[in-house]
Amino acid sequence: MKNNLSNIKKAVKILNKNQCVGIPTETVYGLAANAYSSDATDKIFKLKKRPKKNPLIVHYFNLKLLKKDCEINDNFLKLYKKYSPGPISYILKLKKKSLISKNVTNKKNTLAVRFPSHRLTRNLLKQLNYPLAAPSANISTKISPVSKKDVKDEFGRKVKLILDGGQSKIGVESTIINLIKKPQILRLGGIPKEQIKKYLNSHLVYIKKSKINSPGQEKTHYSPYIKLRLNIKKPNRNEAFVLIKKRKKMNQNYFYLSKKNNLKEAAKNLYKTLRFIKKRKYKSIAVEKIPNKGFGEVINDRLKRASNFK
Ligand code: TXA
Ligand code: MG
């Protein structure tokens, strides 16, 4: 892990030239560029082959710059105090005089914002006078990367610099909460929705199919581009079998997400395991039934979308 200052300096230089840099976050790695520059953010869409209609999350160091770009409300402040920096993104109203590039928002008047907690990326954000637009650093609809090597696998040499922050600790994307009106969860993620609900002490809906063009709502997403079957008791021969916990009797086609049935650990290992299976050239993946609570619900959301790959 080479997290030295010289790498951060290099990243600042590249970003200042409106180029992209791969950055580690506690959720997944991001493909970052200056959120105020259309030239820079254009490159994100091109590299990821992402449709322009899909808006980007903007990453801030703290509230100072954010206040120039967004209207802040009480629910936001309450959640910010408790969960940021950390794995949660907030949808806020964009200020008219904001400098955020139109590319980032798909010309809408809302903005997804996040304050990542990874030390290296916080260090980088602190040195910039603009926030970073950063979607997950994968080709659109594929699995998100959780290490520097994963980002390299996605983009090869097209991305000049990827900061190495080790394996992402959470391993799935941030929870997205819409705070424009009554809080609504738009994407399940790094902070379980039950926790947020309890803390806000309010009714909290989870909008599975949002009308707002929204978080990972594409039918096929998070896909290793191999057939994937869910709720399987017995896998086919030669099929990779993903288990929620390690079995007494393992076989070479079996891959476990957690040693002791811990759903948080399983979420952390999900993308890493799917990527590994893909590299082993399996043609099909079977996954055993995963309890649909807490991080299990997040895992199921991702796997369900991955299983739509035909
Ligand atoms: O954990 C994360 O959130 C990672 C790391 C890198 O921060 N980022 C990430 O970005 O997952 P991305 O682009 O892969 O997913 C962001 C999702 C997109 O599906 C997009 O539709 C949604 O957030 N989104 C962005 N802006 C929005 C907005 N204004 N309203 C509703 N949804 C929005
Ligand atoms: Mg993504």
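The values are calculated or read from the model by the stated rules, or taken from the named source; none is laboratory data. These figures come from a predicted structure and were not determined experimentally. Neighbour counts run over all protein chains shown; Cβ positions are idealised from the backbone, glycine included.
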Boolean, Lys169 is assigned to a loop (DSSP other than H, G, I, E, B) and modelled with pLDDT under 95: no
Only one of Val242, Val172, Val159 that is assigned by TED's automatic domain parsing to the domain that holds Ser89, farther than 18 Å from Ile88 by Cα and either touching a Leu at 6+ places or on another chain (Cβ under 9 Å) or within 12 Å of ligand 1 (Cβ to nearest atom) (or both): Val159
Residues of the range 91-124 classified as within 12 Å of ligand 1 (Cβ to nearest atom) and closer than 21 Å to Gly171 by Cβ, total: 7
Subset of the range 131-174 that is away from ligand 2 (no atom under 16 Å from the Cβ) and among the charged types (D, E, K, R) - its residue that is surrounded by the fewest Cβ atoms within 10 Å (Cβ to Cβ): Arg157
Residue list for the range 49-76, filter: part of a loop (DSSP other than H, G, I, E, B) and either of a type in the set (Val, Ile, Thr) or under 21 Å from the mean Cα position of the chain (by Cα) (or both): Lys49, Arg50, Pro51, Lys52, Lys53, Asn54, Pro55, Leu56, Tyr60, Phe61, Asn62, Ile72
Residue count for the range 7-48, restricted to those that are within 16 Å of Glu154 (Cβ to Cβ), outside any helix (DSSP H, G or I) and hydrophobic (A, V, I, L, M, F, W, C): 7
Selected residue [closer than 18 Å to Val28 by Cβ and surrounded by 14 or more Cβ atoms within 10 Å (Cβ to Cβ)] from Phe276, Phe241, Phe309, Phe255: Phe276
